[in-house]
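Nothing in this text is a laboratory measurement; each read-out follows from the coordinates by a stated rule. Predicted model only: the values in this text are computed from it and were never measured. Cβ atoms come from the backbone with ideal geometry, glycine included; neighbour counts cover every protein chain shown.
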């Protein structure tokens, strides 16, 4: 590992100290570039990696759609996602309040 000097990299917090070199040639810590913190773009310039995204919990409609989608795909394997959404949306509108509350409870548990 060699010391890195790049004018495009301004934040030294993006490096981790890996240890000290022995001998007189290196009196400074050896820095290791943390590639998990930076990403290379198409033009080769390193940019900060985006923060990890925390997924939202599923709501009642998403849980219902997932459940019904699996049922529909078992019966009709080559149906499109758009058709499933249209069909399940109408099914959701036609469901009783009790069924909707059941899926709402599942969403709260998720």
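Look at the alpha carbon pairs under 8 Å that are at least 6 residues apart: their mean separation over the length of region 60-109 gives a relative contact order of 62 percent.
Relative to the compact-globule estimate of 2.2 N^0.38 Å, the Cα radius of gyration of region 60-109 comes out at 1.15.
Each of residue 89 and residue 109 was given a label point 7 Å from its Cα along the Cα-to-Cβ line. The distance between the two points is 2.8 nm. Label positions at residue 66 and residue 49, each projected 7 Å from the Cα along the C-beta direction, are separated by 2.6 nm. Stretched out straight at 0.36 nm per residue, the stretch from residue 76 to residue 99 would grow longer than its current Cα-Cα span by 5.9 nm.
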